[in-house]
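Student: Structure incoming, see below.
What follows is calculated from the coordinates using simple rules that are stated; it is not laboratory data. All values derive from a computational prediction rather than experimental measurement. Because the Cβ atoms are built from the backbone with ideal geometry, glycine has one as well, and the counts that use them run over all protein chains shown.
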Amino acid sequence: MADRPTFFAELKRRNVLRAAVLYAGAIWALSQGISQLTPALDLPDVTTRWFLIAALIGFPFWIAFAWFYEFTPQGLKRESEIAPDDSIAHSTGRRLDKWIIAVLVVAVVLLLTNTFVWRKGAGLASDSALASPPAKSIAVLPFEDLSPGHDHGYFSAGMAEELLNALARVQGLKVAGRASSFYYGGRNADLRTIGKALDVANVLEGSVRSQGDAVRISVQLIRTGDGFEVWSQSYDGNMRNIFDVQERIAHSIADHLKIVLSDDQQARLVPVATTSAEAYADFITAQALVNKRTGDSLPRAIALLQRATTLDPKFARAWSKLAVADAVLSQYTSSDWNASWRASDDAAHRALALDPEDAEAYAALSYNQFSQRHYLAMVEPMQRALGLAPDNSAVNYWAANELAAMGRTRNAEVRIDAALANDPANPLLLFYKSMLRWREGDQAGALAYIHRAGVADSAFGALMLEFYDAAHGDLAGSARQFANSTSQMGTKIPAADLQAIYRGTYGDAARHQTALKILDAHLDDDWTPTMLLQLDEPKRSFDLYEHGHSGLSDAYLNWLWQPEPWSRTARQAPAFQGFARRIGMVDYWKSQGWPDLCNPAPSAGAEAFVCQ
């Protein structure tokens, strides 16, 4: 009796192994082709993945088919109809070998094409795009202070900002935002790095030498691609004709970049903002201080702006900048909120009476309404501000801030993305982008934005790193980051107590009670309602915030929409329904749009809603 063939021998005889190799090679070749054609045909990115899943499901059926059938010169036959010692199996096997070789050759060709042609081409296109920013684009770096005492640094920076603002009025010229341009000042970054980061083909460097009333401004226009100095010039003037000096510089830059100015731009790029040289000098210095915000910069800026508006009561830009400074003063100092709101509103209205198209004045009015919890009233002035200056970074930041606080995360992120396109290294914009990514569950993206442009070293960066450290189990590091960030944002609670409060957020019952006792001693602190949210005390938090007078609307309301468990508890707390209705959030939602995480629940009442 002849030995029965082994299972492996039977697989070989029936050409099942060859069929398996052919199937695998064919699927590999097809997947390479699909991955290359996906972008060209605008197919979904998951097309290749679903093809491979379908192929995996089909594999057992193909093997079963190969076991039971063979292709013969007479056509397809069942294996049982072919004698075991027939030569057909061998001829079929040789035919399959040829198909396998052909399929593998095609697959290898497609693989090499994908690796060395398609991807290299895509990379070259990408690199080319990065290496070739628009020819008519520029970043203005902060100017060096060459005054005899080297004590006019803020004035020099302000002068550079004035030129940046003038160039931003030139149609057809892309101008990088102030925060991004100034980020690279004094960092000794090479020009290629600046050009690539800001997507600009040129930078304007310069220096200011001021002594008494005399001013000398020296500027150099340099290409970022090769460091070639396109043009340089020094301009002598004084504070009485400084606007004419700025006008000459702006027109020279436009000429050297071969930009044809429109008729109205030919008339004037730099409007005469004031006839007082002293008022303008104070304004220039105050402008840089307002942008800094931390320490004593805001009180110093306000004092300078008050003096500027006294010297020239018709100086609209000084009134507008004063409105901005007063609007944010109480967030960074222990000043009185109500007094700051009144001062800011008064300054904004004075600015608009002089210049009805002052976008920053409208934005300040909106932010004051927001801080005072007049959420519907904040909408119209912000819409006016955005209509007048859609590319203004400060206006976009405040608009996104208001949207985010109202829970409209996706709308806020669209606004932030639009601002970042023009100002990609702005730390406030990057902070908000990071926070919005965190809300959407993108922890890696949130961390990446925090580590751009030095944001991680700021109070805002520490705030986001706090969330990241806590999510990854580093509660000690998270507590330090929390104390570091909050102590720089107006709280009067000592840093050691801040860490104890934070440990109560994630600790046991004893630490929780310790944290509550600390807050009981600081019920008048602006940050106490926010910290009660973290401690899973939503009702106490809502009551304290509603009946208090803090203007810290952005920080507090943004805490309601975080992905952390305590935030979810607050959103879903029964007390949130009445709280949101009483402070005006529900009226805003019904008029402007509901939060991403909440929806109306009319079956439970006209103003009822449910939140995830």
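Student: Based on alpha-carbon centroids, what's the gap between the stretch 362-399 and the stretch 489-508 in Å, whole number please?
Tutor: 32 Å
Student: Name the residues of the stretch 515-543 whose amide N is less than 15 Å from a point 7 angstrom out from the Cα of SER334 along the C-beta direction?
Tutor: Within reach of a label on SER334, which here means backbone N under 15 Å from a point 7 Å along Cα→Cβ, the stretch 515-543 contributes 522-528.
Student: Fully extended, how many nm does the chain gain between GLN592 and ARG342 (0.36 nm per residue separation, minus their Cα-Cα distance)?
Tutor: Details: separation 250, 0.36 × 250 = 90.00 nm, distance 2.66 nm.
Result for the pair: 87.3 nm of gain on full extension.
Student: Also: Quick one: putting +1 on the C-beta of Lys and Arg, -1 on the C-beta of Asp and Glu, what dipole do you get for the stretch 462-612 around its Cα centre, in Debye to the nearest 20?
Tutor: Details: 12 positive and 18 negative charges, 45 e Å.
The calculation lands at about 220 debye.
Student: Rounded, prolate or oblate: which fits the stretch 137-272 when a ≥ b ≥ c are the square roots of the eigenvalues of the alpha-carbon gyration tensor, with rounded for a/c under 1.5 and prolate only if a/b beats b/c? Each step should come with its number before you reach the end.
Tutor: Details: a/c = 1.80, a/b = 1.10, b/c = 1.65.
Judged from the Cα gyration tensor, the stretch 137-272 comes out oblate (a/c at least 1.5, b/c at or above a/b).
Student: Using DSSP to define loop residues, name the trypsin sites (Lys or Arg not before Pro) in the stretch 194-292 whose beta-carbon has at most 10 other beta-carbon atoms within 10 Å. Don't skip to the end; give the middle numbers.
Tutor: Details: sites: LYS196, ARG209, ARG216, ARG223, ARG240, ARG248, LYS258, ARG268, LYS292; in loops: ARG240, LYS258, ARG268.
Hits after loop and neighbour filter: LYS258.
Student: Now for a different question. Which of ILE284, ILE194, ILE57, ILE450 comes first, and how do the rest follow, when ranked by fewest Cβ neighbours within 10 Å?
Tutor: Numbers: ILE284 25, ILE194 22, ILE57 9, ILE450 29.
If I rank by nearby Cβ atoms, fewest first, I get ILE57, ILE194, ILE284, ILE450.
Student: Going down the list LYS136/LYS433; LYS174/LYS258; LYS292/LYS321, which pairs span over 22 Å between their C-alpha atoms? Spell out each step's value before the answer.
Tutor: Values: LYS136/LYS433 28 Å; LYS174/LYS258 13 Å; LYS292/LYS321 13 Å.
As for pairs spanning more than 22 Å Cα to Cα, those are LYS136/LYS433.
Student: Right, something else. Please list, ordered by chain and number, the residues whose modelled amide H lies under 5 Å from the amide H of SER137; skip anything fewer than 5 residues away on the same chain.
Tutor: LYS174, ALA201, ASN202
Student: Still on this structure, please answer the following. Please give the length that would be gained between GLN211 and ALA476 if that part of the chain were fully extended, namely 0.36 nm times their separation in residues minus their C-alpha to C-alpha distance (nm, one decimal). The partial results should precede the final answer.
Tutor: Values: separation 265, 0.36 × 265 = 95.40 nm, distance 5.16 nm.
Full extension of this stretch gives 90.2 nm more.
Student: About the Cα centre of the stretch 137-272, what is the dipole size in debye to 20, counting +1 per Lys and Arg Cβ and -1 per Asp and Glu Cβ, all else neutral? Please report the intermediate quantities before stating the final value.
Tutor: On the way: 13 positive and 17 negative charges, 59 e Å.
For the stretch 137-272, the charge dipole is close to 280 debye.
Student: A further question on this structure: Quick one: order SER181, SER252 by neighbouring beta-carbon count within 10 Å, fewest to most. Please report the intermediate quantities before stating the final value.
Tutor: On the way: SER181 26, SER252 15.
Least to most surrounded, the residues fall as SER252, SER181.
Student: Something else: Explain nothing, just the number: relative contact order of the stretch 137-272, from Cα pairs under 8 Å at least 6 residues apart, as a whole percent. Before the final figure, lay out the partial values.
Tutor: Numbers: 237 pairs, mean separation 34.4, N = 136.
Result for the stretch 137-272 is 25 percent.
Student: To make sure I understand, if each residue's beta carbon is the centre and we count other beta carbons within 10 Å, what order do LEU429, LEU519 fall in, fewest to most?
Tutor: Numbers: LEU429 29, LEU519 23.
Lowest to highest Cβ neighbour count: LEU519, LEU429.
Student: Which distance in nm do the two modelled labels at GLN443 and LYS492 give, with both placed 7 Å along the Cα-to-Cβ direction?
Tutor: In this crude spin-label approximation the distance works out to 3.8 nm.
Student: Rounded, prolate or oblate for the stretch 476-552? Axes are the square roots of the Cα gyration tensor eigenvalues, ordered a ≥ b ≥ c, and the cut-off for rounded is a/c under 1.5. Don't skip to the end; give the middle numbers.
Tutor: On the way: a/c = 1.91, a/b = 1.21, b/c = 1.58.
Oblate.
Student: Can you give the % of DSSP beta bridges in the stretch 137-272 that are antiparallel, to the nearest 5? Provide the component values of the computation, followed by the final result.
Tutor: Working: 19 of 26 bridges.
Here the share of antiparallel DSSP bridges comes out near 75 percent.
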